Ligand code: GDP
Ligand code: IMO
Ligand code: MG
């Protein structure tokens, strides 16, 4: 029998609207757990016109009955965490009761940001266009077995020794390589020791908590951050983030085994966006890109950077569905295409004169892709008020049917606006979720 669990993740380069979809679906889950990334994520939820942007805290926290968990796969900046929970407290969210943080999550420290900022602008280094939150250097230290976990942050002696040793090493490296001004370990210790005390009440063994919840028959949703093409293993390396954003990350990032994963739901925009550097085969370089950017308000929730816009990329979606074992797709931002008379959709790639359907591993291959487009007819009417599949114009249904046929997964939900109620749930998906919960 399937566990009452679902992984929700991004199928593209992030910002697919995961926050909104997790919020909509969290109404039928007891627990929502974040499994990867850190405060590089920006998940927007709009409830009755009120906007919330969550970075580290899972979106499920906005439902008073939902337990929220930050899993061990996350890199946690204690200062960013405290800022975020204080904001949520001010908004009336009961974070103190609802939220738990893994004792095994890695901690982002000040020198991680220092090293990242210096490295990103250093001559001869490959600029990734990161969010400058110290994410990459924190995961580097984790893999080098040189990181500090939340449980270690709570141990004052260990924290002091760790900061002294790390500052000696990082200050030397940053000064030698980038001429960076050194950080003061004594001040750093004071700041982080104080933050640790505020964090302490939230900390627990979340792997045990989650497995116990599943044993008790509770339902758990695993909230992904970033997207498949930003995954450290499967994305457009090196233009990726440093974590496992794909479905596999949900198991390593929470301590819940693969046999306990009920289903995988991937969120895809009806087109594609990307923030930061890196190859983007279907990127639009003419005025149509500006239309998508304007209608979709495509500016980063965290950094405010404009998002690059492109047409729907079906080889990319097929690749994402393969890597994640996606069962259900949620198509968001369909309304952004409402004005267009014709909509190009990429159905294949041409590389060096040869047609291919697979995602090349090398960046040079990705950069030389010539997308092969099929032109679909636009519906040129508003979908924002649609609340059931039958409310959609026939040409919008045709667009969705084409997407589903070509992507090897079933569409379960469609989103036609940022608000909670601008969502269409397909009957088969509703039934599948109900069966999962039975
Ligand atoms: P996430 O990182 O995947 O959670 O996505 P973001 O929150 O960073 O970006 C998605 C943006 O699109 C947010 O501003 C959402 O409010 C908005 N959004 C989500 N779904 C829809 C939709 O169906 N239509 C429109 N127009 N906006 C949407
Ligand atoms: P959500 O969860 C979009 C991008 C950055 C950069 C690259 C590496 O909101 O979808 P990092 O700071 O992680 O080392 O940056 O990854 N990036 C995102 N792009 N949405 C995100 O998160 C992202 N998180 C990281 O722009 O290109
Ligand atoms: Mg985002």
Given (1) part of a loop (DSSP other than H, G, I, E, B); (2) within 27 Å of residue 308 (Cα to Cα); (3) in contact (Cβ under 8 Å) with a residue 12 or more places away in the chain, where does residue 117 come up short, assuming only one miss? (1)
How about the range 138-150: which of its residues are surrounded by fewer than 24 Cβ atoms within 10 Å (Cβ to Cβ) and either assigned to a loop (DSSP other than H, G, I, E, B) or touching a helix residue (DSSP H, G or I) at 6+ places or on another chain (Cβ under 6 Å) (or both)? 144, 145, 146, 147, 148
So residue 435 fits all but one of (1) touching a residue at least 40 places away in the same chain (Cβ under 8 Å); (2) closer than 23 Å to residue 29 by Cα; what number is the exception? (1)
Answer from 110, 116, 84 - the residue that is within 16 Å of ligand 1 (Cβ to nearest atom) and farther than 26 Å from residue 422 by Cα: 84
In the range 186-198, is there at least one residue being under 27 Å from the mean Cα position of the chain (by Cα), surrounded by fewer than 19 Cβ atoms within 10 Å (Cβ to Cβ) and closer than 24 Å to residue 250 by Cα? no
Provide a single number: the residues in the range 30-60 that are closer than 23 Å to residue 109 by Cα and within 11 Å of ligand 2 (Cβ to nearest atom). 13
Would you confirm whether any residue within the range 91-109 is within 15 Å of ligand 3 (Cβ to nearest atom), surrounded by fewer than 21 Cβ atoms within 10 Å (Cβ to Cβ), within 21 Å of the chain's Cα centre (by Cα) and modelled with pLDDT of 95 or more? no
Could you list, in sequence order, all residues of the range 292-313 that are touching a strand residue (DSSP E or B) at 6+ places or on another chain (Cβ under 6 Å), within 11 Å of ligand 3 (Cβ to nearest atom) and farther than 30 Å from residue 356 by Cβ? 299, 301
Mind checking whether some residue in the range 120-131 is in a helix (DSSP H, G or I) and either farther than 23 Å from residue 301 by Cα or touching a helix residue (DSSP H, G or I) at 6+ places or on another chain (Cβ under 6 Å) (or both)? no
For the range 358-438, please list each of the strands (runs of 3 or more DSSP E) lying entirely inside it that holds at least 2 residues being exposed (fewer than 14 other Cβ atoms within 10 Å of the Cβ) and more than 16 Å from ligand 3 (Cβ to nearest atom). 370-377
If residue 330 satisfies every condition in (1) modelled with pLDDT of 95 or more; (2) out of contact with any strand residue (DSSP E or B) (no Cβ under 6 Å at 6 or more places or on another chain); (3) more than 21 Å from residue 284 (Cβ to Cβ) but one, which is the exception? (2)
Here are the criteria: (1) under 24 Å from the mean Cα position of the chain (by Cα); (2) in the same structural domain as residue 126 (by TED's automatic domain parsing). Tell me which single one residue 232 does not satisfy. (2)
Quick one: residue 139 ticks every box in (1) more than 16 Å from ligand 3 (Cβ to nearest atom); (2) in contact (Cβ under 8 Å) with a residue 40 or more places away in the chain; (3) under 22 Å from residue 5 (Cβ atoms) except a single one, so which number is it? (3)
Counted residues in the range 333-343 being free of Cβ contacts under 8 Å to residues at least 40 places away in the same chain and in contact with a strand residue (DSSP E or B) (Cβ under 7 Å, 6 or more places away or on another chain) come to 1
Please tell me if residue 61 is in the same structural domain as residue 276 (by TED's automatic domain parsing) and more than 10 Å from ligand 1 (Cβ to nearest atom). yes
Number of positions in the range 49-87 that are within 13 Å of ligand 3 (Cβ to nearest atom), crowded, with 18+ Cβ neighbours inside 10 Å and either in a loop (DSSP other than H, G, I, E, B) or more than 12 Å from the chain's Cα centre (by Cα) (or both): 3
Determine if the range 251-263 includes at least one residue that is within 16 Å of ligand 3 (Cβ to nearest atom), at negative phi, at pLDDT 95 or above and within 17 Å of the chain's Cα centre (by Cα). no
Taking into account only those residues within the range 323-340 that are closer than 21 Å to residue 373 by Cβ and surrounded by 19 or more Cβ atoms within 10 Å (Cβ to Cβ), which is farthest from ligand 1 (Cβ to nearest atom)? 329
Out of curiosity, is residue 276 farther than 24 Å from residue 406 by Cα, at pLDDT below 95, within 15 Å of ligand 2 (Cβ to nearest atom) and under 16 Å from the mean Cα position of the chain (by Cα)? yes
Within the range 22-47, the residues that are touching a strand residue (DSSP E or B) at 6+ places or on another chain (Cβ under 7 Å) and either within 11 Å of ligand 1 (Cβ to nearest atom) or not assigned by TED's automatic domain parsing to the domain that holds residue 302 (or both) are 22, 23, 24, 37, 42, 43, 44, 45, 46
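The values are calculated or read from the model by the stated rules, or taken from the named source; none is laboratory data. What you are looking at is a predicted structure, and each value in this text was computed from that prediction instead of being measured. Heads up, the Cβs are rebuilt from the backbone with ideal geometry, glycines too, and the neighbour counts pull from every protein chain shown.
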